[in-house]
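Please read the structure below before turning to the comments.
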Amino acid sequence: MAKTNPGRFFEDYAVGQVIPHAVPRTLSGGERALYHALYPARHALYSSDAFAAACGLGAAPLDDLIAFHTVFGKTVPDISLNAVANLGYAEGRWHRPVRPGDTLRSASEVIGLKQNSNGKSGVVWVRTRGLDQRGELVLDYVRWVMVRKRDLEAPAPETVVPRLAGVVAAGDLVLPEGLDFTGYDFTLAGEPHRMADYEIGEVIDHVDGVTVEEAEHMQATRLWQNTAKVHFDATFREDGRRLIYGGHVISLARALSFNGLANAQMIVGLNGGAHANPCFAGDTVRAWSEVLDKAETSAPGVGAIRLRLVAVKAGGVPGELRGEDGKYRPEVLLDLDYWALMPV
Amino acid sequence: MAKTNPGRFFEDYAVGQVIPHAVPRTLSGGERALYHALYPARHALYSSDAFAAACGLGAAPLDDLIAFHTVFGKTVPDISLNAVANLGYAEGRWHRPVRPGDTLRSASEVIGLKQNSNGKSGVVWVRTRGLDQRGELVLDYVRWVMVRKRDLEAPAPETVVPRLAGVVAAGDLVLPEGLDFTGYDFTLAGEPHRMADYEIGEVIDHVDGVTVEEAEHMQATRLWQNTAKVHFDATFREDGRRLIYGGHVISLARALSFNGLANAQMIVGLNGGAHANPCFAGDTVRAWSEVLDKAETSAPGVGAIRLRLVAVKAGGVPGELRGEDGKYRPEVLLDLDYWALMPV
Amino acid sequence: MAKTNPGRFFEDYAVGQVIPHAVPRTLSGGERALYHALYPARHALYSSDAFAAACGLGAAPLDDLIAFHTVFGKTVPDISLNAVANLGYAEGRWHRPVRPGDTLRSASEVIGLKQNSNGKSGVVWVRTRGLDQRGELVLDYVRWVMVRKRDLEAPAPETVVPRLAGVVAAGDLVLPEGLDFTGYDFTLAGEPHRMADYEIGEVIDHVDGVTVEEAEHMQATRLWQNTAKVHFDATFREDGRRLIYGGHVISLARALSFNGLANAQMIVGLNGGAHANPCFAGDTVRAWSEVLDKAETSAPGVGAIRLRLVAVKAGGVPGELRGEDGKYRPEVLLDLDYWALMPV
């Protein structure tokens, strides 16, 4: 049994440590097809080589969340196998589109540590970088998780809480090389709304719902080689329920957001995110978005729109995020803050 | 909420209107693999590059129903989002095989309108054309659906009922370029029966059954980017059941028909079809076929066989389609009339 | 009904008979993606083109079990459609890696027959060979199954029980051309353990569990074009349960064995195997391995490790295979004996 991976515990992390994650992964059209089977994904830039080429990108990239999940999945055995909770994301940026044939690997640097006052666990901040087969940066983001201690007697490390940007500045977003929306085909994309049509503060109800099945969230989570037991083993939790990978809810909500945000094509920044409540098979997931900001970019015809994407289960109401106590309402599953590129 | 697609209502259609559908889709080996995972598909021409090449086609095309579902899926947001019922198909022809790498898009022309006497809904006839990235026609067919009115006061349009062929004439079928069955390998194909072995009127029980799961029909339907809520949202119907996309039943039945019709390789014509009763998860689907007609073609060694393909659930009996009242028996799910190409 | 395949019965086999199996299959990145979605597969050599290239193999092959399932699936209509039980495997060898684009077909030679004393069934031994599009041998193995007689009056054939090796000799294993583990990257592979770190007799608990869903095992089994009714039709067995294809359990267990045997990269020999007890949806599958032997090979840095891979359901205990009566314990699903290649 000594040969299996017990995962790291809180006392195993040190600030400055760089952890290379195992099992690089070559992606293909197979992952794209599965993504379309598992999520109601319809953004045209990721669906059609011809559409992507007309936007200056050549063949269609794989969905930005395929890159995210692949990079994230590799971190699980090293970062979150003994995690109690996935607390947040910040400073995420996509640096280049991923295409079929690319091989992704990832590494995480420990950038913060804070033991909890109960002495049983602590918070670990890591900056994860995803690289392709050429060693070029594809994606990076900060994530923090609460991790159990193995040895409650282990001394608390010096507390280091990293200073994180609340929002990725629009000027820091990386624009895919060649991207050009000046000849954007709104008809083929599915909706007529350009960035100018959205107002800051506007709330969009994405209307459609998807009832989640065990086989679907497990297939998705496996596809990203995420190994956390809690997603796959019905005997692991005391209540006999499999917890759905938070990223599955992100992809569901993002795909649902096509209906109303079909032209928010490319995800380029992840400002923050919280998995507000757990999601289980049988839940019917809906989504709404709020326009948080808009910015110009240097690419022709391309604007950046900052969106809050909220996934809810039964009872969720568009625009209602928190209760009077300031806490997330019990129907809220996800609160994600991201930047997308769309025609100005 | 004004930004989401409410779908068109009966009064939004006019004869002669051409509606280009959104979200073109590039297909790959991923879609083929999923098709084989979702349906018990075994026709050799779509399974093996070597077999297809030996039939003069080069690399194996994607299943003809992948082309159909992809083209059809695009029409849903514009044609059937507010449909009460999918009433029929006619005059369907496949014009060229689709291969991995091809990008499909589609457009529909309104060719008929008839308001129902209750004034609440009406029938819309459309001719849908699927095109590839070169703009070449891949598939076209007529479909008619019953669509709700949004405004019951809207005036009824002039009634136009298109005159549709009951059957695509054998001489109008399009033969894939290069197709040649003179060296057809019956052993590799799986059965020894050539077209001459089938008699008009013959009924074939395809024997095998498949019990359908929610995760499977939802994955299939999503893969074709079909967005109709009723397939995905368990809270949408009053009975809490998700209705299975009729095309899922078509593909299940066609795949099951391999057992007895392994050499009916390519679908080239769709004469008609009715989704006789709804299908739900838990149903065990079986299929039987009836030989309706046979015809020669101009391609070497290639004949055209006209088949009635019937899918049934528990209690269905091969050959029994309608009750004494002339209506479909309650176990019948699908009654499809199509042309396939097979060795003479 | 005469056109459908009734399958062969015991009296239809004769020693020396060679049965070519139908429906060749071209594999792609789609099958790889589905394999990763259906099983928690993480062996780096099959996940990353870059990792495989660094091991001298060029682009990543498809998982060796994809080759096995594809070759096996083709045999079902001819060998095991009327099988009562799949009794065993022997003398299995993988001869060359399979890559996206390869087309597999298979044929089986009857090498043994023995009627059971009850006169109702008998054991059939076949040697199955899988070939690629160039006619080169990809995989061969012996399997024996118990098959029903159609006609109980049919005379018993002469009994021929083939003499089978209990183990494939290490010297007979085929090493993939170019394989070289001298520059093996243990960090990317996921574990530091080389063959020298494993002791014969060592038992490894692979820890993780997977609860199996109907939709998953059916998708997997269909993907290999395995047509046995018992896996798909909930009405086929009297108890209304679908029996899970034994190969699904093999792949689940092998994928789970990554945790502790991440460097046992390539499967090259199948010494034996028994599906000890049936597996059903809802079972949570776990796995453990026992090191049975180790051997040198002629490839640089490459050793061969012989492993017993055991899959269990709830109640299974690592290292406990048989009860005091010498029979498999009721929790044991699979007992597989195979050779893998790993860094020495």
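Residue check: A:Gly247 meets all listed conditions (1) buried (at least 24 other Cβ atoms within 10 Å of the Cβ); (2) away from chain C (no Cβ under 12 Å); (3) in contact with a helix residue (DSSP H, G or I) (Cβ under 6 Å, 6 or more places away or on another chain) but one, namely (1).
Residues in the range B:174-189 that are more than 14 Å from chain C (Cβ to nearest Cβ) and small (Gly, Ala, Ser): 2 in all. Set side by side, the residues C:Gly112, C:Gly122, C:Gly171 differ, and just one is more than 14 Å from chain A (Cβ to nearest Cβ), exposed (fewer than 14 other Cβ atoms within 10 Å of the Cβ) and not in a loop (DSSP other than H, G, I, E, B), which is C:Gly171. For the criterion of being of a type in the set (Val, Ile, Thr) and in contact with a helix residue (DSSP H, G or I) (Cβ under 6 Å, 6 or more places away or on another chain), A:Ile267 passes.
Residues of the range A:50-58 include at least one that is surrounded by fewer than 24 Cβ atoms within 10 Å (Cβ to Cβ), in contact (Cβ under 8 Å) with a residue 12 or more places away in the chain and in a helix (DSSP H, G or I). Considering the conditions (1) under 14 Å from A:Leu137 (Cα atoms); (2) more than 14 Å from chain C (Cβ to nearest Cβ); (3) hydrophobic (A, V, I, L, M, F, W, C), A:Ala54 is excluded by exactly one of them, (1).
Residues in the range C:78-94 that are modelled with pLDDT under 90 and assigned to a strand (DSSP E or B): C:Ala83, C:Val84, C:Ala85, C:Asn86. Residue check: is A:Val160 over 26 Å from A:Ala50 (Cβ atoms), in contact with a strand residue (DSSP E or B) (Cβ under 7 Å, 6 or more places away or on another chain) and surrounded by 17 or more Cβ atoms within 10 Å (Cβ to Cβ)? The answer is no for A:Val160. Criterion applied to C:Ile204, C:Ile200 was being β-branched (Val, Ile, Thr), closer than 30 Å to C:Leu292 by Cβ and within 14 Å of chain A (Cβ to nearest Cβ), and the one residue passing it is C:Ile204. If the condition is being touching a helix residue (DSSP H, G or I) at 6+ places or on another chain (Cβ under 6 Å) and within 23 Å of A:Leu137 (Cα to Cα), then the range A:36-51 contributes only A:Leu45.
Give the residue, chosen from C:Pro300, C:Pro192, that is away from chain B (no Cβ under 14 Å) and without any contact (Cβ under 8 Å) to a residue 12 or more places away in the chain.
Only one candidate qualifies: C:Pro192.
Residues in the range B:8-25 that are facing chain A (nearest Cβ under 10 Å) and not β-branched (Val, Ile, Thr) were compared, and the one that is surrounded by the fewest Cβ atoms within 10 Å (Cβ to Cβ) is B:Pro20. Residues in the range B:195-223 that are buried (at least 19 other Cβ atoms within 10 Å of the Cβ) and free of Cβ contacts under 8 Å to residues at least 24 places away in the same chain: 2 in all.
Just to be sure I understand the filter: pairs with C-beta atoms under 6 Å, separated by 6 or more residues or on different chains, first member in the range B:166-189 and closer than 16 Å to B:Leu307 by Cα, second member aromatic (Phe, Trp, Tyr) and surrounded by 12 or more Cβ atoms within 10 Å (Cβ to Cβ). Which pairs pass? The qualifying pairs are B:Leu173/B:Trp339. Would you check if B:Ala67 is hydrophobic (A, V, I, L, M, F, W, C), assigned to a helix (DSSP H, G or I) and away from chain C (no Cβ under 11 Å)? Against the criterion (hydrophobic (A, V, I, L, M, F, W, C), assigned to a helix (DSSP H, G or I) and away from chain C (no Cβ under 11 Å)), B:Ala67 qualifies.
Does B:Pro100 count as within 14 Å of chain C (Cβ to nearest Cβ) and either under 30 Å from B:Asn263 (Cβ atoms) or in contact (Cβ under 8 Å) with a residue 12 or more places away in the chain (or both)? Yes, satisfied. Checked against the criterion of being at pLDDT 95 or above, assigned to a helix (DSSP H, G or I), over 25 Å from A:Val126 (Cβ atoms) and basic (Lys, Arg), the candidates A:Arg99, A:Arg32 yield just one match: A:Arg32. The set of residues in the range A:31-49 that are in contact with a strand residue (DSSP E or B) (Cβ under 7 Å, 6 or more places away or on another chain), without any contact (Cβ under 8 Å) to a residue 40 or more places away in the chain and not charged (D, E, K, R) contains only A:Ser47. Taken together, C:Thr227, C:Thr221 contain a single residue that is of a type in the set (Ser, Thr, Tyr), in a loop (DSSP other than H, G, I, E, B) and within 14 Å of chain B (Cβ to nearest Cβ), which is C:Thr227.
Do you know which of the residues in the range A:129-157 that are in a loop (DSSP other than H, G, I, E, B) and surrounded by 20 or more Cβ atoms within 10 Å (Cβ to Cβ) is nearest to the chain's Cα centre (by Cα)? Only one residue fits best here, namely A:Asp132.
The values are calculated or read from the model by the stated rules, or taken from the named source; none is laboratory data. Remember, predicted model here, so these are calculated numbers, not experimental data. Neighbour counts are summed over all protein chains in view; Cβ atoms, including those assigned to glycine, are modelled from backbone coordinates with ideal geometry.
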